[in-house]
Ligand code: ADP
């Protein structure tokens, strides 16, 4: 086993090495350094099974070390050994992939060895899950790709067949044209299902990259994406300034396009309108409302609509896959938030998206 220890205090280093040597003996090769830059350089050039790391270093204060540890690509499991007994920092680090946070004054040989062994096993498990996820993603991709191309061929074959038979038998009223006429709409249904299924599965398979995300921009991008549908329905859309969050702009755009798309689709008002605004906000979180004056939703069905494939209407009444709101709920949950709906039949619906705001 290869261990890397980053520790600038010679007494602490001696103690840690003693504990590790006593426990692992010749089973572990231990390399130590006292500066973050040297440790990062060592990691880039050597195989390391566990990286034991102090946070306060001569070339890096705590905040910088934390940021660098978070950004380390393909790093081995990291265990922080710290004089700071800061539970909040510990939780924050673990959330960002650090395996363990051990206060130095609680260290013992058995605790240290157990933490190293468990960290290695957990890492193996998460690698195996990531590999499975990658296989799953490749499988979904090729499945949806094959579906799309077969669908396109079926639709095209039907079109050609219809055109040819119409030319050959223009006055034959026995020909069952009505069946062929149904093909394009059914092909569109399956196409929509394949697209939505791919978006739904991709949420799990592709880790979203989180960064600064301006929700006003995400909502406007969603409107641009739906421009044709919006123009056709004559709906007016008002977007008030929304907060910025830390999140995935791609996912937030997908979330708004599903909510806005539904507000337009399930709406027969003479003056259809959708408004997007902040319903509530404090230091911790914001509640964003997406309100429409559409057909509304009966109270007892309001929770059901967030379940995959739950639809309150047939495809002939309204096209759809029944996946839009489950995509919305998953995205809200990935961002540490949730989504609810307030609605009355005939009075429109207000979807309330609760999201945490960046702290500090
Ligand atoms: P889809 O629209 O593809 O059916 P969704 O998951 O987006 O799937 O929505 C699930 C169901 O919730 C819809 O079938 C519809 O009955 C209902 N619904 C969603 N949004 C609205 C809305 N804004 N107004 C009324 N009903 C809605």
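Derivation of every value follows stated rules applied to the coordinates shown; laboratory data play no part. On a predicted model such as this, the values are computed, not experimentally measured, just so you know. Heads up, the Cβs are rebuilt from the backbone with ideal geometry, glycines too, and the neighbour counts pull from every protein chain shown.
Points to keep in mind about this one:
- Share of Cα-Cα pairs in region 252-307 lying beyond 14 Å, as whole percent: 64 percent
- FRET efficiency, 1/(1 + (r/R0)^6) with R0 22 Å, evaluated for residue 340 and residue 238 via beta carbons: 0.55
- Largest mean-square fluctuation among 266, 24, 141, in a Gaussian network model of the chain whose springs join Cα atoms under 10 Å apart, belongs to 24.
- Global geometry of region 118-176, whether rounded, prolate or oblate, following the gyration tensor of its Cα atoms and the 1.5 cut on a/c: prolate
- Computed label-point distance, nm, for sites residue 168 and residue 73 using a 7 Å Cα→Cβ extension: 5.9 nm
- Remark: 288, 40, 327 ranked as 40, 327, 288, counting other beta-carbon atoms within 10 Å and listing the fewest first.
- For region 1-151: Kirkwood Rh in Å [reciprocal of mean 1/r, alpha carbons]: 16.8 Å
- Stokes-Einstein D (µm²/s) once Rh is taken as the Kirkwood radius of region 176-289 over alpha-carbon pairs, at 37 °C in 0.692 mPa s: 202 µm²/s
- Region 1-69: C-alpha gyration tensor shape, a/c 1.5 cut-off, then a/b vs b/c: oblate
- Square roots of five times the Cα gyration tensor eigenvalues for the chain, Å: 54, 27, 16
- Ranked 165, 26, criterion: other C-beta atoms within 10 Å, fewest first: 26, 165
- Cα centroid separation, region 14-88 to region 122-174 (Å): 49 Å
- Between residue 216 and residue 347, the modelled labels are 3.1 nm apart [label points 7 Å from Cα along Cα→Cβ].
- Across the alpha-carbon atoms of region 209-360, the computed radius of gyration and Dmax are 14.7, 50 angstrom.
- Extension gain for residue 310-residue 186 works out to 42.8 nm (0.36 nm per residue, less the C-alpha to C-alpha distance).
- Whether region 303-360 is rounded, prolate or oblate, judged on the alpha carbon gyration tensor where a/c under 1.5 counts as rounded: oblate
- Per-peptide average of other Cβ atoms within 10 Å, ordering 213-222, 115-124 highest first: 213-222, 115-124
- Highest mean packing comes first when the peptides 193-201, 175-183 are listed by Cβ atoms within 10 Å, giving 193-201, 175-183.
- Both numbers refer to the Cα atoms of region 224-267; Rg and Dmax are 11.6, 34 Å.
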